Amino acid sequence: MEYLKLALQTNAGSSINNLAFLFFRILVAVELFRVHGMRKFKVENGKKESLPNPLHLPEKLNGAVAIFADTVVPFFMILGLGTRLFLLPTIGVTAIGYFVVHRKDSVEVRDVPFIYTVLLLLVWIVGPGTFSLDHYLFNLI
């Protein structure tokens, strides 16, 4: 029960911090979905986006994790529901993008997965704030 309370702990301090964190969380989630999630559904020249698989996972599992991380997780972020749990695959995808997929690329290319990893880690550490479904669940426990 203590681990559940710790996972759902949501207070970012003051009301203004919680409101600012709500907007921060929503903006990051919308951008993640708009730029990276929507790309998963685009077909260009008759082909879908090629997903890197640096961990050599089964192709279906690799695709499912990438699609989940960029299309489903942003909605949970916006709602603030299961925030810390659902952010883990997305943090993993962005960190692997930075440390593995783009490790030899220029700083300009590596910048995007680095920034996403840092932003998502901040939300994971702080939690979604009091304007979230996690906060209401925390208060029910």
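Numbers at a glance
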quantity: Residue under evaluation residue 90, criteria (1) within 29 Å of residue 2 (Cα to Cα); (2) more than 13 Å from the chain's Cα centre (by Cα); (3) of a type in the set (Ser, Thr, Tyr), criterion not met; calculated: (2)
quantity: Hey, residue 97 open to solvent by less than 50 Å² (accessible area, probe 1.4 Å), free of Cβ contacts under 8 Å to residues at least 40 places away in the same chain, in contact with a helix residue (DSSP H, G or I) (Cβ under 9 Å, 6 or more places away or on another chain) and in a helix (DSSP H, G or I) or not; calculated: no
quantity: Residue count for region 59-74, restricted to those that are farther than 24 Å from residue 136 by Cβ, open to solvent by less than 40 Å² (accessible area, probe 1.4 Å) and not hydrophobic (A, V, I, L, M, F, W, C); calculated: 4
quantity: Some residue of region 7-24 being in contact with a helix residue (DSSP H, G or I) (Cβ under 9 Å, 6 or more places away or on another chain) and within 16 Å of residue 116 (Cβ to Cβ); calculated: yes
quantity: Selection within region 75-94 - under 14 Å from residue 53 (Cα atoms) and crowded, with 19+ Cβ neighbours inside 10 Å; calculated: 93, 94
quantity: Residue check, residue 28 of a type in the set (A, V, I, L, M), open to solvent by less than 80 Å² (accessible area, probe 1.4 Å) and within 16 Å of the chain's Cα centre (by Cα); calculated: yes
quantity: Test result for residue 11, over 22 Å from residue 98 (Cβ atoms) and in a loop (DSSP other than H, G, I, E, B); calculated: yes
quantity: Residue among 81, 61, 27, 22 that alone is in contact (Cβ under 8 Å) with a residue 24 or more places away in the chain, of a type in the set (A, V, I, L, M) and part of a helix (DSSP H, G or I); calculated: 22
quantity: Residue in region 115-129 that is outside any helix (DSSP H, G or I), surrounded by 17 or more Cβ atoms within 10 Å (Cβ to Cβ), touching a residue at least 12 places away in the same chain (Cβ under 8 Å) and on the phi < 0 side of the Ramachandran plot present; calculated: yes
quantity: Odd one out for residue 54, checked against (1) under 19 Å from residue 116 (Cβ atoms); (2) free of Cβ contacts under 8 Å to residues at least 24 places away in the same chain; calculated: (2)
quantity: Filtered residues of region 42-58 (kept if loosely packed, with under 11 Cβ neighbours inside 10 Å and assigned to a strand (DSSP E or B)); calculated: 43, 44, 47
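The values are calculated or read from the model by the stated rules, or taken from the named source; none is laboratory data. Everything numeric in this text was worked out from a predicted model, so none of it was measured. Note that we place each Cβ from the backbone using ideal geometry, even for glycine, and neighbour counts take in every protein chain shown. Please note that ligands, DNA and RNA were not included when accessible areas were found on the heavy atoms of the full protein model with its side chains. Shrake-Rupley method; radii C 1.70, N 1.55, O 1.52, S 1.80 Å.
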